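The values are calculated or read from the model by the stated rules, or taken from the named source; none is laboratory data. Values in this document were obtained by computation on a predicted structure and should not be read as measured data. Quick reminder, even Gly has a Cβ in these numbers, built from the backbone with ideal geometry, and neighbours come from all protein chains shown. With ligands, DNA and RNA removed, areas are computed over all heavy atoms of the protein, side chains included. Shrake-Rupley method; radii C 1.70, N 1.55, O 1.52, S 1.80 Å.
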Amino acid sequence: DSDRINIAIDGPAGAGKSTVARMVAGQLGYVYIDTGAMYRAVTLSAQRLAIAFEQESALSELLSGLRIKLEPGPNGQSIFVNGEDVTQEIRSREVTRQVSYFAASGVVRGVLSAMQREMAARKGVVMDGRDIGTHVLPDAELKVFLTASVKERAARRFKELPADQAISLEQLEKEIAERDALDEQRDISPLLKAHDAIELDSSYMTIEEVVASIVKLSRTKLAEAK
Ligand code: CDP
Ligand code: CDP
């Protein structure tokens, strides 16, 4: 179906991927898929059962019983695990601190990438993550690598925190940098710009500017695909 393309948006934490991907999908009438939410959902489920990231067989068993569902929700996308809405809980600091360790597990990556590929099989998907352009959808017609300085990304995340936040901007910046390093250095599909991805540095761009440039790129790719 050459009326629709797949769009992969990768990059480090806080670059604006999910905000922008959701808006691009809205403008194109595409489906938005937040793959980070899937890694978070697996992390939360493992934490509840006290399964550590090294416990491959326990993780494998956990994954085989997990039904993960993504749905459009009141604040963007909602995520359900075996019918339970975990949209809020997967954003906890505990999950955020451990997710990159679970995401380095081959068992976890294998299962989630297969699910993600299936979700994109009929095209018309905007998928954001770390390895979408390199590994999950290497044939995506448009690949964007969205970045911003770590200072800017930490500042953006800091603004999102509730008023009773128990973390300083400095600590947040440190935790983001640590997560970036883990994501870039893992052996299996690390965070990496695909050779054919277009890099956008959003440090000095508004959300609207980033969305407009991705929508424009997608129109060009759509015209090429026809
Ligand atoms: O929203 P934020 O940038 O904080 O992170 P996320 O997109 O929710 O992803 C959380 C974590 O999941 C990342 O730090 C990665 O460790 C992992 N992840 C991944 O390994 N591969 C993906 N395609 C998406 C997320
Ligand atoms: O998904 P990712 O971790 O890459 O970023 P996000 O969750 O979309 O968070 C980015 C935050 O920065 C949001 O609060 C956005 O409103 C804000 N922001 C942005 O996304 N893009 C800009 N150009 C400026 C601000």
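Over the Cα atoms, compute the radius of gyration (one decimal) and Dmax (the largest Cα-Cα distance, rounded to a whole number) for the stretch 1-113, in Å.
My reading of the Cα-based Rg and Dmax gives 14.7, 46 Å.
P(r) for the stretch 104-226, please, calculated from all Cα pair distances in 5 Å bins and given in %.
Histogramming the stretch 104-226 at 5 Å steps yields 2, 9, 16, 18, 19, 17, 13, 5, 2, 0, 0 percent.
If you take the charge dipole of the chain about its Cα centre, with +1 on Lys and Arg Cβ and -1 on Asp and Glu Cβ, which of I68, S149, V210 is farthest toward its positive end?
Most positive-ward Cα: V210.
Say a paramagnetic label sat at a point 7 Å from the Cα of Q171, along Cα to Cβ; which residues of the stretch 73-116 have their backbone N under 18 Å from it?
Zone members listed by number: 91-99.
Once fully extended, how much extra length lies between T220 and A50, figured as 0.36 nm per residue of separation less the alpha-carbon to alpha-carbon distance?
56.4 nm
Probe radius 1.4 Å, ligands and nucleic acids ignored: give me the carbon and sulfur share of the accessible area of the chain as a rounded percent.
Taking all protein chains in place, the chain shows 52 percent carbon and sulfur surface.
With a 1.4 Å probe and every protein chain left in place, work out the accessible area per residue of the stretch 132-223 in Å², rounded to a whole number.
Using a 1.4 Å probe on heavy atoms only, each residue of the stretch 132-223 averages 57 Å².
Based on Cβ point charges of +1 for Lys and Arg and -1 for Asp and Glu, what charge dipole magnitude is obtained for the chain about its Cα centre, in debye rounded to the nearest 20?
For the chain, the charge dipole is close to 380 debye.
Determine by what factor the alpha-carbon radius of gyration of the stretch 63-121 differs from 2.2 N^0.38 Å, reporting the quotient.
1.19
Please compute the length gained on full extension between L192 and D85, using 0.36 nm multiplied by the number of residues separating them and subtracting their Cα-Cα distance.
Full-extension gain reported as 35.4 nm.
Any chance you could check the Cα centroid distance between the stretch 202-226 and the stretch 87-136 for me, in angstrom?
Comparing the Cα centres of the stretch 202-226 and the stretch 87-136, I get a distance of 23 Å.
Could you tell me what fraction of 2.2 N^0.38 Å the Cα radius of gyration of the chain comes to, as a two-decimal ratio?
After normalising by residue count via 2.2 N^0.38 Å, the value is 0.98.
Work out the charge dipole of the chain with +1 on the Cβ of Lys and Arg and -1 on the Cβ of Asp and Glu about the Cα centre, then indicate which of L169, S18, S57 is farthest towards its positive end.
S18
Any of K69/K193; K193/K216; K159/K221; K123/K226 with alpha carbons more than 25 Å apart? Name them for me.
K69/K193; K159/K221
When 1/r is averaged over all different Cα pairs and the result inverted, which Kirkwood radius in Å belongs to the stretch 157-226?
About 15.5 Å, per the Kirkwood formula over Cα pairs.
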